[in-house]
1. Going down the list K29/K154; K129/K241; K31/K154; K342/K468; K102/K147, which pairs span over 20 Å between their C-alpha atoms?
2. What nm distance separates the two modelled labels at K50 and T297, each placed 7 Å from Cα along Cα→Cβ?
3. Work out how much length C157 to R499 would gain on full extension: take 0.36 nm times their residue separation and subtract the Cα-Cα distance, in nm to one decimal.
4. Explain nothing, just compute: Karplus ³J(HN,Hα) = 6.51 cos²θ - 1.76 cosθ + 1.60, θ = phi - 60°, for every residue of segment 183-192 in order, whole Hz, x for Gly and Pro.
5. What number results when the radius of gyration of segment 391-535, computed over Cα atoms, is divided by 2.2 N^0.38 Å?
6. Using alpha-carbon positions, what is the distance between the centroids of segment 66-103 and segment 383-454, in Å?
7. Given the options L55, Q91, I105, identify the residue whose Cα lies farthest towards the positive end of the charge dipole of segment 45-133 (+1 on Cβ of Lys, Arg; -1 on Cβ of Asp, Glu).
8. What percentages make up the Cα-Cα pair-distance distribution of segment 97-180 when the bins are 5 Å wide from 0?
Amino acid sequence: MSLALNDLLICCRQLEHDRATERRKEVEKFKRLIRDPETVQHLDRHSDSKQGKYLNWDAVFRFLQKYVQKETECLRTAKAGVSASTQATRQKKMQEISSLVKYFIKCANKRAPRLKCQELLSYIMDTVKDSFNGTVYGADCSNILLKDILSVRKYWCEITQQQWLELFSVYFNLYLKPAQDINRVLVARIIHAVARGCCSQTDGLNSKLLDFFSKAIHHARQEKSSAGLNHILAAFVIFLKTLAVNFRICVCQLGDEVLPTLLYIWTQHRLNDCLKEVIIELFQLQIYIRHPKGAKTQEKGAYESNKWKSILYNLYDLLINEISHIGSRGKYSSGSRNVAVKENLIDLMADICHQVFNEDTRSLEISQSYAITQRELNDYGATCKKRKIELGWDVIKDHLQKSQNDFDLVPWLQIATQLISKYPSSLPNYELSPLLMILYQLLPQQRHGERTPYVLRCLVELASCQGKKSDLESSQKSDLLKLWTKIWSITFRGISSERIQAENFGLLGAIIQGGLIEVDREFWKSFTGSACRPSCPAVCCLTLALTTCVVPETVKTGVEQNTCEVNRSFSLKELIMKWLLFYQLEDDFEDSTEPPPVLHSNFPHLALEKILVSLTVKNSKAAMNFFQRVPEWSYSLEVNNTTKMQRSLCSQTLKNCFFRQLSTRWIS
């Protein structure tokens, strides 16, 4: 044994001395030795070799545990009712002992996790479960568990299923009945980490584990405290995702039990954003479990219950108020705020609207039973509050019309967009024209505020939705055609705006794809001049047009003919290829050192190549449809084992080939 390790071994034995003064003298020496480079090197090597006959970090940790036991026993047997100074001295001693353990673990695992997980875990669990030790060292041991064990992936793999479940049980009981010095937020964070470990490292979890969460949620209501509740609910979500497959009915029934309490906590407590986020996620998960793919009836797979229907209506009412509150905060706050509402809230609202909107029901009286506890109901005979709520697409249309403020409008534009996108069938045929008229009236106001991108996105989904409806009456089609023609004109004039170019081209593409109007020559002309430059949105829109429409032979241009001295008129297809390949390079193509936009634009994979090849074919529409049907992987020609790099080179070669062939004709 080296001299350095020999000194450490002597020091460790002195820590077990019966006299407290001798032990106290050795503590500073111990701390110096475990950070000595030579000692650390020997301990690391012996720990890695896993040979028990040499002194290693685990052996030193066992000596340290005996030291802690001796010091703790002294504190346990010390006289009670002493002076304040003596009590302060004892408190300082406890802190020194905890600090020494944390310092040792830090030194041992600084370079890699060398202490055995089982040794660390046994020490922590024994400490936390002991009534005296848990009070004295529980907080520090919990910190060690969270930061030095549960955050180390290697230790995760060494913790057994029984230990995961024991950790879960111990810390959940600690959360429900916390000791005086334990930080509940810290305990909740540990429960969250243990939940991840339980669900990823163990098999065959029992649904009875969910009972802990039910107790914790009801506990939060009674205490009127939400300390650490966001971590508890995050752990709850993890368990629900794991157990929902095999225990769907149990998960749904538990939702009926705890979700009213969460509605109460949302309305009565002052919640921070983190807690709201996880509550939203929990409600969203319940909807996915109960209504797979938006199912509304039991025949289609929905899990129905009267209590759940009441929860849905109350949640719908709560979210309308929340969105209104968010809008009010934006309007009256100083400084700049984002007018959009977070996507998770919009997604949840869209799912709820899909479930509660019914063509036969325009308004409904609901009872807010979640606001009254069972005890209040039994003791005081309190009655449930009742409230009338409005339902249906009229709610969305009213909110889009009653205010011109972006903070009020944009959230409802987001909701309408998401609802139509996820559930096109939820929009009745008779609502198409009124909703389209409202959006058309909002569209010319695009130079004011930030609403325009949201109006355009909503119109995109509405166009897609109408394209899927085959049972529209001829009179309705005629009314819709007039509106879409006006919207097309406004949108077409906005394609030169860089700020909303993606949304404008997206809407034009959706209208074309849905066959809502007949494409005119002015549309094709936009891909031949300087109205807009080749960009990803423009190329995507052009791809849809080539797939759906027949390209005219010529288009009156005038400007393009002046740029070329060749005595011939170009076909429209040639002008589009020229726009794609030589945009803004006609005058100084030979002298320019900058590559054309086509070579450094972020186009979709093979989109440009498909367009160029289709334009060289007589029937461009048939060619583009062929390319769209053929899977992209087939272009690689597996028989040639073409790699990604080779395909990229082929794509580049194709572009260069076009430059060489066409520059001789178009650039003189």
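We did not get these values from a lab; they are worked out from the coordinates using the rules stated. Just so it is clear, the model here is predicted, and its values are computed rather than measured. Cβ atoms come from the backbone with ideal geometry, glycine included; neighbour counts cover every protein chain shown.
1. Those over the limit are K29/K154; K129/K241; K31/K154; K342/K468.
2. Once both label points are built, they end up 6.2 nm from each other.
3. Going from the current span to full extension adds 118.1 nm.
4. Karplus-based 3J(HN,Hα) across segment 183-192 equals 7, 5, 5, 4, 4, 5, 5, 5, 4, 4 Hz.
5. Values: Rg = 14.9 Å, N = 145, 2.2 N^0.38 = 14.6 Å.
Taking the Cα Rg and dividing by 2.2 N^0.38 Å, one obtains 1.02.
6. Each part reduced to its Cα centre gives a spacing of 65 Å.
7. L55
8. 3, 13, 27, 27, 17, 10, 3, 0
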